[in-house]
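A short worksheet on the structure shown next.
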Amino acid sequence: MLAIGAHPDDVEIGVGGLLAAHARAQDEITILTLSRGARGGDADSRQNESLASADMLGARLFLKDLVDTEISGGGSTVRIIEEVVQEIQPTIVYTHSSHDRHQDHRAVSEATIVATRRVGTVACYQSPSSTIDFRPTRFVRIDNFLDDKLRLLERFGSQTASRDYLEPEFVTATARYWSRFGGGTAVEPLEVVRETAEFIGAHELTRRES
């Protein structure tokens, strides 16, 4: 599976529980982060935090250096994603939703939809800047992976002091809210762009373990 984010910590916030479930299922995990997040903190610190998170998951990390807040939805961004897709041949891709206030998130969503046009399953995750138009159609239970998600987010220490949405109580409350649609006690919501039979694996594991 391939998880794509504009900045360090984006994919962990959106699908950290699912990433942990993929790791438990022994799926091959790749994270593509398109900028080092220099506008949101120290780029070197955020790079090291991304590496620590990937290491915790046993994931491969591609960390690019596009300009934070100036990521394009076409051209070079599409080519970067296409190169990674060509190299790893994912069956599942997670990315930003287009229903988002942050311009980088919208751009990455747009570029990913183009670059992953031959990938069987593509789904969009929620971010703290998602708008009310974020309309998930799949609700993945992460009851047994919420603690793993919180531990992943702890890796991003340079952000936790200034980002309320990284507080464990906030993350837990969000997952608890979405459980009203997916059952259990914790859920990560996804907007499914397209879906094939390969969308089982970690998703089936979360259902069985919950």
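The values are calculated or read from the model by the stated rules, or taken from the named source; none is laboratory data. All of these numbers come straight from a predicted model, not from anything done at the bench. FYI the Cβ positions are ideal-geometry reconstructions off the backbone, even for glycines, and counts take in every protein chain you see. Note: accessible area is taken over every heavy atom of the protein model, side chains too, but ligands, DNA and RNA are not part of it. Shrake-Rupley method; radii C 1.70, N 1.55, O 1.52, S 1.80 Å.
Below are the figures for this structure:
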{"read-out": "Residue match in region 85-103 (condition: among the aromatic types (Phe, Trp, Tyr), at negative phi, surrounded by fewer than 24 Cβ atoms within 10 Å (Cβ to Cβ) and in contact with a strand residue (DSSP E or B) (Cβ under 8 Å, 6 or more places away or on another chain))", "value": "no"}
{"read-out": "Set THR160, THR116, THR112: member being open to solvent by 10 Å² or more (accessible area, probe 1.4 Å) and either over 19 Å from ARG194 (Cα atoms) or β-branched (Val, Ile, Thr) (or both)", "value": "THR160"}
{"read-out": "VAL187 buried (at least 19 other Cβ atoms within 10 Å of the Cβ) and either under 12 Å from GLY16 (Cβ atoms) or without any contact (Cβ under 8 Å) to a residue 12 or more places away in the chain (or both)", "value": "no"}
{"read-out": "Any helices (runs of 4 or more DSSP H) falling wholly within region 113-183 and containing at least 1 residues that are modelled with pLDDT of 95 or more and on the phi < 0 side of the Ramachandran plot", "value": "146-154, 168-182"}
{"read-out": "Elements of type strands (runs of 3 or more DSSP E) contained in region 1-109, each with 3 or more residues being farther than 20 Å from ARG138 by Cα, within 15 Å of the chain's Cα centre (by Cα) and touching a residue at least 12 places away in the same chain (Cβ under 8 Å)", "value": "30-35, 60-66"}
